[in-house]
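Everything below concerns the one structure shown next.
Nothing in this text is a laboratory measurement; each read-out follows from the coordinates by a stated rule. Note that this is a predicted model, so its numbers are computed, not measured. Please note: Cβ atoms are built from the backbone with ideal geometry, for glycine as well, and neighbour counts cover all protein chains shown.
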Amino acid sequence: MTIGLRDDVAYIVLKKIKESSQNQADAQVNLNLRDFSEQEITKKELLDNLDYLNEKAYIKAQFSGNSEEGNSPAPIILEQATLTDKGRQTLQKMESHSPADGFSRPRAPIATENVGFLEKVMLEANLNDIFDARDLTVVVYRVMRDVMTTEAADRIGAELHTEAQPTADKTLNMEVADLWKDTNPFVGFISRIRQPLIIKDDRFLFRIAQEGSMPEFTDAERVVKAVFAATKEQLSSERIAEIAQWLPGKVKQLWNQA
């Protein structure tokens, strides 16, 4: 079954560890499904998210819990739980974008099929976490589609499509082609009925920086090149050449270099 990496779930986990570690070093943290009642997550999905946060060094913790227990009320216990520097930076970024009563920015889960793609973007773009990689990839793709015809964008989307593992929960059945689609339904509709936009290099990169809430430790050019490199691995030579024809001068050079 496809599982989704969730920034809303990560926020709660990181926040609970931070609050516990303020009172004691190497804290014990108990996670109950009721802590995630608004997220509607199963125990297995929570354990999968914890595995990822631990493996990718957002947290350091030993934890118990069995996905075979289903949605048992028994808590998942994190022993010797601490945030890494990476985890603290991620939590700080999340808190800066949240209202006073908690983190509430809605985003689609990151499916297993997309993790490898987005981790490449994260590494090459010098991003702190995979959620930044997802959000910035969506913005880069939006600006790319803006300079193309609808027919060209559809051809790209068709090649980015790969068969995902079956699951009844369609929000977890996300793939690279879904990142290519606009997450804003109104913007997506408008983009399909208008003519291609003429966007010069500076404007192209400016939009990435502005619409993507660019982290201070990277820049638009590096992010664009990282997304380009990961994307080209998914496409045929015909689609790679077709995209190059639509891009403005300097951005086209980044595409060819990626």
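Structure summary
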quantity: Neighbour-count ranking [beta-carbon atoms within 10 angstrom, fewest first] of PHE36, PHE117; calculated: PHE36, PHE117
quantity: Spatial separation of Cα centroids for the range 78-94 and the range 203-258, in angstrom; calculated: 30 Å
quantity: Residues PHE204, PHE217, sorted so that the one with the fewest Cβ neighbours within 10 Å comes first; calculated: PHE217, PHE204
quantity: Ratio Rg/Rh, restricted to the range 4-96 and using Cα atoms, in which Rh is the Kirkwood radius; calculated: 0.93
